[in-house]
Amino acid sequence: MTQQSTVEPAAMAPPRRPVSRGIVFVVGVLVIPFAVSAIFNGYGALTVDSAFRMHAATVAGQTIAILTAVLVVALTIRRRYALPAILAVSLIAMLVTAHAFGVIESSGHLLLTRLDLIAETDLLNP
C-alpha cells in the first residue's frame, strides 16, 4: 500500500507573482526621493540645521534612485530577459545615475549658497 498525501489543495500557498520592474523603477526613482525631500524640507526659516537636513535628504533620495536603477538591471538579468532588454535597461540605469550625480552636485552648490546666505544674514543682525 502507498500512503496518500494529507496536504489539502487549499492549504498550499498560492504562487507568488514577481513584482514588476516598472513599479520598482517608478517607486525607487521618483516616489521615494520626492517623499524624502518633501518630509525633510525646511518649511520654516532657513537655518544651518535645515540647510544640512535638506541637503542630506537630497543625497539620500538620489542614492536610493541609483540603487534602484542597479536593482532593476539586476532583476532584468536574473529574470533572463533578452540581450536588447538588458542593454536598454542598463542604458536607462546609466542615465538615471548620471542625472542623480548631477542633482547631488547641484545640491552641494545649493548648500553652500544657503550657508553663505545664513552667514550674511547673521552679520547684518546685531
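The values are calculated or read from the model by the stated rules, or taken from the named source; none is laboratory data. As the structure is a computational prediction, the values presented were derived from the model and not from experiment. Cβ coordinates were reconstructed from backbone atoms using ideal geometry, including for glycine residues, and neighbour counts include every protein chain displayed.
Is it true that residue 37 is among the small types (Gly, Ala, Ser) and surrounded by 13 or more Cβ atoms within 10 Å (Cβ to Cβ)?
Details: among the small types (Gly, Ala, Ser): yes; surrounded by 13 or more Cβ atoms within 10 Å (Cβ to Cβ): yes.
In short, yes.
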(request) Tell me which residues, restricted to region 93-102, are loosely packed, with under 15 Cβ neighbours inside 10 Å and of a type in the set (A, V, I, L, M, F, W, C). (result) 94, 95, 98, 101
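It is to be established whether one or more residues within region 45-61 are exposed (fewer than 11 other Cβ atoms within 10 Å of the Cβ) and without any contact (Cβ under 8 Å) to a residue 12 or more places away in the chain.
Going through region 45-61, the residues exposed (fewer than 11 other Cβ atoms within 10 Å of the Cβ) turn out to be 45, 49.
When the remaining residues are screened for being without any contact (Cβ under 8 Å) to a residue 12 or more places away in the chain, the result is 45, 49.
Yes.
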(message) Checking the condition modelled with pLDDT of 95 or more and in contact with a Ser or Thr (Cβ under 6 Å, 6 or more places away or on another chain), which residue from 63, 58 passes?
(response) 58
(message) Anything in region 64-107 that is touching a residue at least 40 places away in the same chain (Cβ under 8 Å), among the β-branched types (Val, Ile, Thr) and under 29 Å from residue 51 (Cα atoms)? List them, or say none.
(response) 68, 96, 103, 104
(request) Would you check if residue 69 is farther than 30 Å from residue 120 by Cβ, in contact with a Phe, Trp or Tyr (Cβ under 8 Å, 6 or more places away or on another chain) and not hydroxyl-bearing (Ser, Thr, Tyr)? (result) yes
(request) Select, from 60, 98, 51, 69, the only residue that is closer than 30 Å to residue 18 by Cβ and touching a Leu at 6+ places or on another chain (Cβ under 9 Å). (result) 69
